[in-house]
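As structure tokens, the structure follows; a few thoughts come after it.
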Amino acid sequence: MPTNAPPPNADKFAQQLREAHEKFAGSTTGEGASQQVMAGFAEAYRAWLEAMSAKPETMLDLQGRYMQEQMRLWMSSMQPGNRGSAGEAPDKRFSGPEWNELPVFRYFRDSYLLTSKMMMQAVEEATLDAPTKQRMRFFMRQYLDAAAPSNYLMTNPEALKAAMESRGETLREGMQNLLADMEKGRISMTDETAFEVGKNIAVSPGSVVYENELLQLIQYAPATAKVFERPLVMVPPCINKFYIMDLQPENSLVRFAVEQGHTVFMTSWRNVKKQHSHVTWDDYIRDLIDALEVVKRIGKSPRINALGFCIGGTLLASALAVLEKKGRNPVASLTLLTTLLEFSEVGDIRVYIDENFVDKREKQLEKGGIVPGQELAGAFSSLRANDLVWSYVVNNYLKGKQPPAFDLLYWNADATNLPGPMYAYYLRNTYQGNKLCKPDALKMLGEPVSLKRLKMPTFVFAAREDHIVPWKGGYRSARTLGTKVTFVLGASGHIAGTINPASKNKRSYWLNDKMTADAEKWFIGARELPGSWWNEWAKWLKPHGGKLVAARKKLGDGKAKAIEPAPGRYAKERV
């Protein structure tokens, strides 16, 4: 843009921001799902208003304290050299020095923080049942996060300063970013042009050696002269692509396991299309069992080691429970990473999944259908809206910056569709009914399943700051198995805590051999160890690998010849 060009029209810019919000809101949860979620919020909001009306003295007290604090803020914000809300926990939304340079922006910031505090107190002090309070707490936080002055051009001094210094160039760039994201129907979190599956991510050498309607099975090439006789099969979540476990070589769990001497297989779930609209949960279990049989045959081993991540772990445990009921036990050891089997403690995702929501989604999907991957991705992003939504709105649109290249966020944007019947079954019987943890409460492939029949040695990992699988929910899940469990708690969240490479050896993890009934007591008695939990897992898995044998140079076998190079075409199909 020429230096003498006028800046973009502010009113037009604001209108396009509103249109973008409406489009993104519809695309992230689906129109029907979005309406149901908002109906749930309306019910919680009415209950909250009634509860506060029943305790007028509480509201009057809050209002009185709020007005006193507002007056104090107004007076202090005009004093020269005042730094505003000093002494409080830092908020990275307001970390720029521009928020302190002018009194008006100090006031915007401090008034917003004060209002947020008061509104959350009003929710906490209302007499509501636990589910309603959780929902109201969640939606109030959503509203307050969206209302932050940092999210709007005219109340964000950092964005205004950048616009003035660039003579509107940052706004022009921001508009281009906004229009491009509107075309995609989602907010860009990373430079997606920096990555290509099979080129610079998901590059561990290997071949697809088997495929069926729902998955491809990848066998990775050995990296050692000798390997353990028992192969290791990894089952990733089916709501994202498998390569979260094989990003780049330096942070690849696949490469790490191969370098430990394991013959690694990976299930790569298909990004289902319209023709798969009637696929069920049982279909996923059946195709997974078929893949396990192929791993046994290629590995020439009657017993294998198995690892499941997130819902991949839920599917794997279900498949093994079916096989146990049939008297077939193909697994020598089981590893579960951030996996729910017991669904009483699922965190804020609960606000979306109540009886009414599940009933309506079942009716919508009873004759088949496809659940868009963006619906699921949008729901998970909303659980951490400041980090996964609003920070990118500010950076990409208000400041006109390009998001940096980040492999993990590229994977996060590579969402996968789910078949409607499979999704409805999962919601009904896990999040809503919590039946998987109850012995023989569910039938899969015609067999009653009980996790208590799973007796193989099991390693369970949970992440302390996980917002998708809260660690205490992971702990409860570990206790549903009929075996002694090695439970490890890692630092950080669902992905960063799990994908914590041993080569970098960052963060820490906690161990305690005593699996007490109460998760908090387990944590109090646990010892914290520095570094990556991967090394702990490798040490645990080693004795379950069997004896060392010469690594085979040829992948597959006579029946399962190489179909195509890893990562395979299923992993390359995008929504």
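The values are calculated or read from the model by the stated rules, or taken from the named source; none is laboratory data. Note that the structure is a prediction, hence the values are computed from the model and not measured. In this analysis, Cβ positions are derived from the backbone assuming ideal geometry, glycine residues included, and neighbour counts consider all displayed protein chains. For the accessible areas, the whole protein counts, side chains as well, though only heavy atoms, and no ligand, DNA or RNA atoms are used. Shrake-Rupley method; radii C 1.70, N 1.55, O 1.52, S 1.80 Å.
Net charge dipole, the stretch 326-454: roughly 320 debye, given to the nearest 20, about the Cα centre with Cβ charges of +1 for Lys and Arg and -1 for Asp and Glu.
Cross-link reach is defined here as a Cα-Cα straight distance under 21 Å, omitting same-chain residues fewer than 8 places apart; for Lys199 the lysines meeting it are Lys241, Lys572. Shown are Asp91, Asp287, whose ranking by accessible area with a 1.4 Å probe and every protein chain present, most to least, is Asp91, Asp287. Protein heavy-atom surface of the stretch 482-575, 1.4 angstrom probe: 54% of the accessible area is carbon and sulfur, with nucleic acids and ligands not counted.
Across the stretch 209-284, Cα pairs under 8 Å and at least six residues apart give a relative contact order of 42 percent. Contact order, relative form, for the stretch 421-575: 14 percent (alpha carbon pairs under 8 Å, 6 or more residues apart, mean separation divided by residue count). Normalised by the residues of the chain, what does the relative contact order come to in percent, with Cα pairs under 8 Å and at least six apart? Over the chain, the number comes to 19 percent.
Ordering Pro530, Val449, Tyr509 by Cα displacement along the dipole of the chain toward the positive end leaves Val449 in first place; charges were set at the Cβ atoms of Lys, Arg (+1) and Asp, Glu (-1). First select every other residue whose beta carbon is under 11 angstrom from the beta carbon of Glu342; then total the charges, Lys and Arg +1, Asp and Glu -1. Every neighbour counted, the sum reads +4. Per residue, the solvent-accessible area of the stretch 464-503 (1.4 Å probe, heavy atoms of protein chains only, all protein chains present) comes to 31 Å².
How much length is gained if the chain between Glu124 and Gln402 is pulled fully straight, taking 0.36 nm per residue apart and subtracting their Cα-Cα distance, in nm to one decimal?
96.2 nm
The calculated FRET efficiency for Asn434 paired with Val104, based on their beta-carbon distance and R0 = 45 Å, is about 0.30.
Taking a virtual spin label 7 Å from the Cα of His467 along the C-beta vector, which residues in the stretch 496-517 bring their backbone nitrogen under 16 Å of it? Taking a point 7 Å out along Cα→Cβ of His467, the residues of the stretch 496-517 whose backbone N falls under 16 Å are 496-498. Ranking Thr127, Thr132 from most to least accessible surface, computed with a 1.4 Å probe over the protein chains only, gives Thr127, Thr132.
Determine the alpha carbon to alpha carbon distance for each of Lys117/Lys438; Lys296/Lys363; Lys438/Lys514; Lys184/Lys360 and list only those over 30 Å. With Cα atoms farther than 30 Å apart: Lys117/Lys438; Lys296/Lys363.
Helical content of the chain, expressed as a calculated mean residue ellipticity at 222 nm, amounts to -12500 deg cm²/dmol (DSSP H runs of 4 or more residues, -39,500 (n - 2.57) each, divided by residue number, nearest 500). Taking the DSSP bridge list for the chain and keeping only pairs wholly inside it, about 55 percent are antiparallel. In the chain, taking the dipole from charged Cβ atoms about the Cα centre, the farthest positive-side position among Thr127, Leu179, Thr280 is held by Thr280.
Applying 1/(1 + (r/R0)^6) with R0 = 30 Å to the Cβ-Cβ distance of Glu293 and Asn356, what FRET efficiency is obtained, to the nearest 0.05? After rounding to 0.05, the efficiency reads 0.15. A 1.4 Å probe run over the protein chains yields, for the stretch 41-196, 54 Å² of accessible area per residue, whole-number rounding. Centre-to-centre, using Cα atoms only, the stretch 511-575 and the stretch 437-476 are separated by 17 Å.
For the stretch 430-548, the Cβ-based charge dipole about the Cα centre amounts to some 300 debye (Lys, Arg positive; Asp, Glu negative; other atoms uncharged). Simple point charges give the picture: +1 on the Cβ of Lys and Arg, -1 on the Cβ of Asp and Glu, and for the chain a dipole about the Cα centre of about 2200 debye.
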